[in-house]
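Asks: Please read through the structure below; I'll follow up with questions.
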Amino acid sequence: MNDEEYGPFLETAIGARGPFHGDEYMEALRRHFEKHSLTL
């Protein structure tokens, strides 16, 4: 994933930007969901 291209979007959308390794992306999503009381 190109951080230069997608980083600003992810920063706005979930408050984190890559590059993500392993499960870092899912952890960033989990923290964002938890912060905003979102559930799936």
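Asks: Can we say Glu5 is open to solvent by 80 Å² or more (accessible area, probe 1.4 Å), at pLDDT below 95 and not aliphatic (A, V, I, L, M)? Talk me through it step by step, then tell me what you get.
Replies: Working: open to solvent by 80 Å² or more (accessible area, probe 1.4 Å): yes; at pLDDT below 95: yes; not aliphatic (A, V, I, L, M): yes.
Answer is yes for this residue.
Asks: Being over 12 Å from the mean Cα position of the chain (by Cα) and in a loop (DSSP other than H, G, I, E, B): is that true of Gly22 here? If you could, list the steps in order and put the result at the bottom.
Replies: Working: over 12 Å from the mean Cα position of the chain (by Cα): yes; in a loop (DSSP other than H, G, I, E, B): yes.
So Gly22 passes the test.
Asks: Right, something else. Under 8 Å between Cβ atoms, at least 6 apart or on separate chains: pull out the pairs that start in region 12-40 with a residue that is modelled with pLDDT under 95 and end on any residue that is of a type in the set (Asp, Glu) and not in a loop (DSSP other than H, G, I, E, B).
Replies: Arg17/Asp3; Arg17/Glu11; Gly18/Asp3; Gly18/Glu24; Pro19/Asp3
Asks: Looking at region 14-26, is at least one residue of a type in the set (Val, Ile, Thr) and open to solvent by 90 Å² or more (accessible area, probe 1.4 Å)?
Replies: Initially, region 14-26 is screened for residues of a type in the set (Val, Ile, Thr), giving 14.
Subsequent filtering for residues that are open to solvent by 90 Å² or more (accessible area, probe 1.4 Å) retains none.
Within region 14-26, not a single residue is of a type in the set (Val, Ile, Thr) and open to solvent by 90 Å² or more (accessible area, probe 1.4 Å).
The values are calculated or read from the model by the stated rules, or taken from the named source; none is laboratory data. This is a predicted model, so every value here is computed, not measured. Cβ sites come from the backbone with ideal geometry, for glycine too, and all protein chains shown count toward neighbours. Protein only, heavy atoms only, side chains kept; ligands, DNA and RNA dropped before computing areas. Shrake-Rupley method; radii C 1.70, N 1.55, O 1.52, S 1.80 Å.
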